[in-house]
Amino acid sequence: MDKLKKVLSGQDTEDRGGLAEVVEASSLSWGTRIKGFIACFATGIVCSLLGTLLLWVPRKGLYLFAVFYTFGNIASIGSTVFLMGPMKQLKRMFEPTRLIATIMVLLCFALTLCSAFWWHNKGLALIFCILQSLALTWYSLSFIPYARDAVKKCFAACLA
């Protein structure tokens, strides 16, 4: 009805596509974005901690750990979608400066779940969880200016 009023009153002269209308209709207020970020990030932390606690369950503990830990990390990364929006998040994830880090994170997610569900290899699942943490740390450092350079120099100094 509002659209009809704008057209009839001459306020809506440009023809916007359906995607622009969907984006405008689904945009969240800043307060809602912050609440969504906090809820999703907290869910990620709880899943990761729950996975760590489930590591000590006999027989299925490592599988539960791999699943909950991976889903926790996915939820933590997904929480930033609330802050910057899904398209901007995807664009920033695949920028040349963090492309390799993004691919490593996604690959570690997939390999962790594959080692737990299809290959049934506890050792691989644990190795991929560790690699997942390292890849996620490197990915996160890519959002802080000069952080990866500082880490590289620190490791070079420690190893020299």
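Side notes on the structure shown:
- Percent accessible area from carbon and sulfur atoms, segment 33-78, protein chains only, probe 1.4 Å: 80
- Each residue of segment 82-87 is assigned a 3J(HN,Hα), and the resulting list reads 5, 7, 10, x, x, 5 Hz, derived from the Karplus form 6.51 cos²θ - 1.76 cosθ + 1.60 (θ = phi - 60°), x at Gly and Pro.
- Dipole of segment 19-130 [Lys/Arg +1, Asp/Glu -1 at C-beta], most positive-end residue of Ile74, Ser115, Phe41: Ser115
- Order of exposure, largest accessible area first, which applies to Met104, Met84, Met93 with probe 1.4 Å: Met104, Met84, Met93
- Formal net charge of residues neighbouring Ser140 (Cβ-Cβ distance under 11 Å; K, R +1; D, E -1): +2
- Each residue of segment 70-76 is assigned a 3J(HN,Hα), and the resulting list reads 5, 5, x, 5, 5, 5, 5 Hz, derived from the Karplus form 6.51 cos²θ - 1.76 cosθ + 1.60 (θ = phi - 60°), x at Gly and Pro.
- Once both labels are positioned 7 Å from their Cα atoms along Cα-to-Cβ, the gap between Ile34 and Ile100 label points is 3.8 nm.
- At R0 = 25 Å, FRET efficiency that the Cβ-Cβ distance of Cys114 and Thr43 yields, to 0.05: 0.60
- Using θ = phi - 60° and Karplus 6.51 cos²θ - 1.76 cosθ + 1.60, couplings along segment 57-67 (whole Hz; Gly, Pro as x): 6, x, 6, 9, x, 5, 5, 5, 4, 4, 5
- Which listed pairs, of Lys35/Lys122; Lys60/Lys88; Lys35/Lys91; Lys60/Lys91, have C-alpha distances above 30 Å, in listed order: Lys35/Lys122; Lys60/Lys88; Lys60/Lys91
- Taken as Cα centroids, segment 36-88 and segment 128-160 sit 21 Å apart, rounded to the nearest whole angstrom.
- Residue-count net charge about Leu99 - beta-carbon cut-off 12 Å; Lys, Arg +1, Asp, Glu -1: +2
- Translational diffusion coefficient (Stokes-Einstein; Kirkwood radius from C-alpha pairs) of segment 32-159 at 10 °C, 1.306 mPa s, in µm²/s: 102
The values are calculated or read from the model by the stated rules, or taken from the named source; none is laboratory data. Values in this document were obtained by computation on a predicted structure and should not be read as measured data. In this analysis, Cβ positions are derived from the backbone assuming ideal geometry, glycine residues included, and neighbour counts consider all displayed protein chains. Keep in mind that these areas ignore ligands, DNA and RNA; they rest on the heavy atoms of the full protein, side chains included. Shrake-Rupley method; radii C 1.70, N 1.55, O 1.52, S 1.80 Å.
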